[in-house]
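Have a look at the structure below, then the notes.
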Amino acid sequence: MAVGISLLVSLITAEVVLRLLRLGYNNAPLNPSATRHHEHPANYRFSAYSLKDEWEGFSIRTDRYGNRSMQGLCRFPASGPSDHLLVLGDSFIEGFQVQDSDSITGRLQQALCTTGTEVHNLGVSSYSPVLSDIQLREFLQQHPRGLELLRGGTVLHVLYDNDHLGDQGYASQLGRDDDGELVVSADEQLTPLARLARISYLARLLRRAQLTAAELQQRPSDSAERGVDAPGAQTPPCRLPPQALEASSAALRRIRDRVTAAGGRYVLSAIPTDPRKGPTVLACYQELAQRLGVPFIPVAEPLLSQPQRYYFTHDIHLNPAGHERVADRLLEDLKPESEQ
C-alpha cells in the first residue's frame, strides 16, 4: 500500500514539475481527421525536439483551428489586420524544426507586419494538394471572416517533391460528406497511449525516451546521413508521366478556382529535396503551375547547390538558414510593389 502511494505521489510530482517547466515533449503531433485524414490537435503546446539532437529547447503552439500559432510576432492595431496571407503546405511550412520567429511563415509575418498583413500557417505534416484543398476550405468555413480573408489577400502554396505521390494515395480515398464536399477520412484512430500523451507531459517524456533509445540503435545507412555535400546540383527536367500529376493538378485547380472566385491571388512555390538525400522533380511542379496559369516563385537556388548550409544533416527539413533563405526569396515577389 505504502509503495503504491509513494509511486502515485512520484508520478504526480513528475507531471507537475514537467508542466511547470513546460516540457511537454513532442515533434509532430497529429490526430486522425474525418475530413482531411489527419490534423494538428487544437490549442496544443509542446516542446520541440529532434531524435538526432539537431534542434530542441523551444515551444510551439497551435491555435483553435489546429494551425501553428504566429501570435506575438506582430502587433496589429485595434481594428485588426488589413490584409491576409494564407500559406499552404506540408511539414516544410509547418516548420516544427525551428522556432516561430525562424520559420518561413514567422519570417514572412515579421516582414509583412508593417503592411498590416496577417500570416496564417496552414501547413501540416504529410499534406499534399488534395488535403491542402480541404484544409483551406475548412479553415475558411471556421474562421469568423470566412471568404473575406481571400478578398484582396494571397494564398501562397509551397509544394514539396513528394506531393504528387501523396496526392495519388489521398485521391484514391476521396469521398463526399453529407453536403457533397470532398473529404478524406482517416482509417485509424489514436491509440490509448497516444491519447494519454495528448494530456500527460510525463507520458510524452517516456515516449521521447522510448523513441530516442530506438533511434540510437540505428546506424547511418548512406553518405547522406553523414552529411556529404552535393555541390553544383542542378534541377533536372521533368520526367514524370502526365498521369503522375493528375491528382495534384486537379487539387491545385480546385484551390486556384476557390481563391480567384473570392477575389484573391493564388501563388505557387516548391522546396526541393535535399540533393544529398534524393533527386528533385521540381521542374514538374513549375510546368504544372504554368499549365494552370498560376505564378510560380522559384526558391531552389542555392538550396540545391549548397545543401549543407540550408538543410539539417540528418533530418530532411530546412534548418533556420534554409527557412530564412526561402522566406527572403518569397518576400521578393509577395511584398507590394511599393515595398520592393
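What list of ³J(HN,Hα) values in whole Hz, one per residue of segment 101-112 in order, does the Karplus curve 6.51 cos²θ - 1.76 cosθ + 1.60 (θ = phi - 60°) give from phi, with Gly and Pro shown as x?
After applying 6.51 cos²θ - 1.76 cosθ + 1.60, I find 5, 9, 6, 4, 5, x, 5, 5, 4, 5, 6, 9 Hz.
Calculate the tail of P(r) for the chain: the fraction of all Cα-Cα distances greater than 31 Å, expressed in %.
Details: 20275 of 57630 pairs.
In whole percent, the share of Cα-Cα pairs in the chain beyond 31 Å is 35.
Using each residue's phi in segment 121-137, evaluate 6.51 cos²θ - 1.76 cosθ + 1.60 at θ = phi - 60° and report the 3J(HN,Hα) Karplus result to the nearest Hz, with x for Gly and Pro.
Result, ordered by residue: 8, 9, x, 9, 3, 6, 7, 10, x, 4, 7, 5, 4, 5, 4, 5, 4 Hz.
Starting with the fewest neighbours, write out 122, 51, 21 ranked by other beta-carbon atoms found within 10 Å of each beta-carbon. Walk me through the intermediate numbers first.
Working: 122 24, 51 16, 21 10.
Result, fewest neighbours first: 21, 51, 122.
Would you kindly calculate the mean projected area, averaged across all directions, of the convex hull enclosing the Cα atoms of segment 62-175, in square nanometres?
Working: hull surface 29.7 nm².
Mean projected area for segment 62-175: 7.4 nm², to one decimal.
With just the Cα atoms of segment 119-183, tell me how far they stretch along each of the three principal axes, in Å, largest first.
Over segment 119-183, Cα extents along the principal axes are 32, 32, 17 Å.
Report, in debye and to the nearest 20, how large the dipole of segment 82-208 comes out about its Cα centre when Lys and Arg carry +1 and Asp and Glu carry -1 on their Cβ. Could you put the intermediate results ahead of the total?
Values: 10 positive and 18 negative charges, 122 e Å.
I would put it at about 580 debye.
Which distance in nm do the two modelled labels at residue 54 and residue 83 give, with both placed 7 Å along the Cα-to-Cβ direction?
A separation of 3.4 nm, rounded to one decimal place.
Restricting attention to the alpha-carbon atoms of segment 1-146, what are Rg (one decimal) and Dmax (integer), both in Å?
Gyration radius and largest Cα-Cα distance of segment 1-146: 18.0, 64 Å.
How large is the convex hull of the C-alpha atoms of segment 267-340 per residue, in Å³? Mind showing how you got there, number by number?
Working: hull volume 6.2 nm³, N = 74.
Taking only Cα atoms, segment 267-340 has a hull volume of 84 Å³ per residue.
With each pseudo-label sitting 7 Å past Cα toward Cβ, what's the residue 277-residue 176 distance in nm, one decimal?
3.9 nm
Counting other beta carbons within 10 Å of each residue's own, what order do 139, 58 fall into, fewest first?
In order of increasing Cβ crowding within 10 Å: 58, 139.
Using only the alpha-carbon atoms of segment 233-273 as identical scatterers, what base-10 log of I(q)/I(0) does the Debye formula give at q = 0.19, 0.32, 0.33 Å⁻¹?
Normalising to I(0) and taking log10 leaves -0.75, -1.09, -1.10.
Say the dipole of segment 272-340 comes from +1 at the beta carbon of Lys and Arg and -1 at that of Asp and Glu; which of 295, 273, 310 then lies farthest toward its positive end?
The Cα lying farthest towards the positive end belongs to 273.
Can you compute 3J(HN,Hα) from phi for each residue in segment 67-78, using the Karplus curve 6.51 cos²θ - 1.76 cosθ + 1.60 with θ = phi - 60°, rounded to whole Hz and x for Gly and Pro?
8, 4, 7, 9, 4, x, 8, 8, 10, 8, x, 4
Every number here is computed from the coordinates shown, using simple stated rules; none is lab data. In this text the structure is predicted, and so the values were computed from the model without any measurement. Ideal geometry is used to build each Cβ from the backbone, glycine not excepted, and the neighbour counts take in all protein chains shown.
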